[in-house]
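This report refers to the structure that appears directly beneath it.
The numbers here are math on the coordinates, done by the rules we state, and not lab data. Please read all numbers here as calculations on a predicted model, not as lab measurements. Note that each Cβ is placed from the backbone with ideal geometry, even for glycine, and that neighbours are counted across all protein chains shown.
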């Protein structure tokens, strides 16, 4: 156990934790926008799977990682629009429609994987980019400032999302629609349009989250490669109390524990492997239990809106 607390291993855990937080951040920030407008999308995991597949397939065939990323974002937009039609326009029960979208993404990605790839293949994904000067800081330079562009993008997304939600007119409309859609409608806010935009934005970011796995972190595609990461991302929104900064800390907490259990297995520390794998999920349950007491849930979350209702 002592080798776990050596400086190289601790720096390795920190580096791995930052990388592993990337897909959670993209997916959870996108879901934050959707939920702040009143829509719960449990289909995030299915969107991530389709984004991972489309990003990997296009990047492999074209040899262009940026085209792969664009394909993943486009796939996410389409699936976000699907969720918008079902949950906003048709006003279906959001939890059930989200699970349906997740199963759709899981089934379709598996089918496409078998018919177009036939087996697990790998590509050369986005390479680390060291930030000048900052990357040369002894010890922490390589840990904090030597990642691929999607890792940097995920963390830059946090202050950007915080600014949009709290400092812009659009963010004010999103928050108003999520709290009291009838009052927002009375003031001239197009509730349906705002919800369409946020759910579609959430879908796009979930697609990018999937691509961050297949063409930036793992650099391959396989069946159900997200293993429920989308559901963890939804949980992180609750953990972060629907605030981008809180979501970031939740994602880092989960990914650091996940990195810890990976290093425990690599170092051969005598801890049952099943228990090590369970550690991040046990932590998530405990964290959500405490976070639930302080969370301010958007008042209109999961509640459909129709103009003219009393």
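Grab the helices (runs of 4 or more DSSP H) fully contained in segment 156-247, keeping just those with 3 or more residues being within 26 Å of residue 128 (Cα to Cα) and under 16 Å from the mean Cα position of the chain (by Cα).
Values: elements: 169-179, 181-186, 191-212, 229-239.
Output list reads 191-212, 229-239.
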* Just a yes or no: is a residue in segment 107-124 in contact (Cβ under 8 Å) with a residue 24 or more places away in the chain, within 24 Å of residue 21 (Cβ to Cβ), in contact with a strand residue (DSSP E or B) (Cβ under 9 Å, 6 or more places away or on another chain) and outside any helix (DSSP H, G or I)? -> yes
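Out of the residues in segment 39-64 that are touching a residue at least 60 places away in the same chain (Cβ under 8 Å), surrounded by fewer than 24 Cβ atoms within 10 Å (Cβ to Cβ) and over 19 Å from residue 118 (Cβ atoms), state the one that is nearest to the chain's Cα centre (by Cα).
Looking at the filtered set, the residue picked out is 42.
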* Within segment 146-164, is there a residue that is surrounded by fewer than 19 Cβ atoms within 10 Å (Cβ to Cβ) and farther than 28 Å from residue 55 by Cβ? -> no
* To do: Test each condition in (1) out of contact with any helix residue (DSSP H, G or I) (no Cβ under 8 Å at 6 or more places or on another chain); (2) farther than 17 Å from residue 57 by Cα; (3) not in a loop (DSSP other than H, G, I, E, B) for residue 141 and report the one that comes out false.
  => (1)
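Looking at residue 260, is it more than 29 Å from residue 81 (Cα to Cα) and either in contact (Cβ under 8 Å) with a residue 40 or more places away in the chain or touching a strand residue (DSSP E or B) at 6+ places or on another chain (Cβ under 9 Å) (or both)? So that I can check it myself, show each step before the final result.
Numbers: more than 29 Å from residue 81 (Cα to Cα): yes; either in contact (Cβ under 8 Å) with a residue 40 or more places away in the chain or touching a strand residue (DSSP E or B) at 6+ places or on another chain (Cβ under 9 Å) (or both): yes.
For residue 260, the condition - more than 29 Å from residue 81 (Cα to Cα) and either in contact (Cβ under 8 Å) with a residue 40 or more places away in the chain or touching a strand residue (DSSP E or B) at 6+ places or on another chain (Cβ under 9 Å) (or both) - is met.
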* Asked: Conditions: (1) farther than 23 Å from residue 17 by Cα; (2) surrounded by 16 or more Cβ atoms within 10 Å (Cβ to Cβ); (3) touching a residue at least 24 places away in the same chain (Cβ under 8 Å). Residue 143 meets all but one. Number of the miss?
  -> (1)
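Do we have residue 26 as closer than 13 Å to residue 202 by Cα, crowded, with 24+ Cβ neighbours inside 10 Å and either in contact (Cβ under 8 Å) with a residue 40 or more places away in the chain or out of contact with any strand residue (DSSP E or B) (no Cβ under 8 Å at 6 or more places or on another chain) (or both) here? Steps first, please.
Values: closer than 13 Å to residue 202 by Cα: yes; crowded, with 24+ Cβ neighbours inside 10 Å: yes; either in contact (Cβ under 8 Å) with a residue 40 or more places away in the chain or out of contact with any strand residue (DSSP E or B) (no Cβ under 8 Å at 6 or more places or on another chain) (or both): yes.
So residue 26 fits the description; yes.
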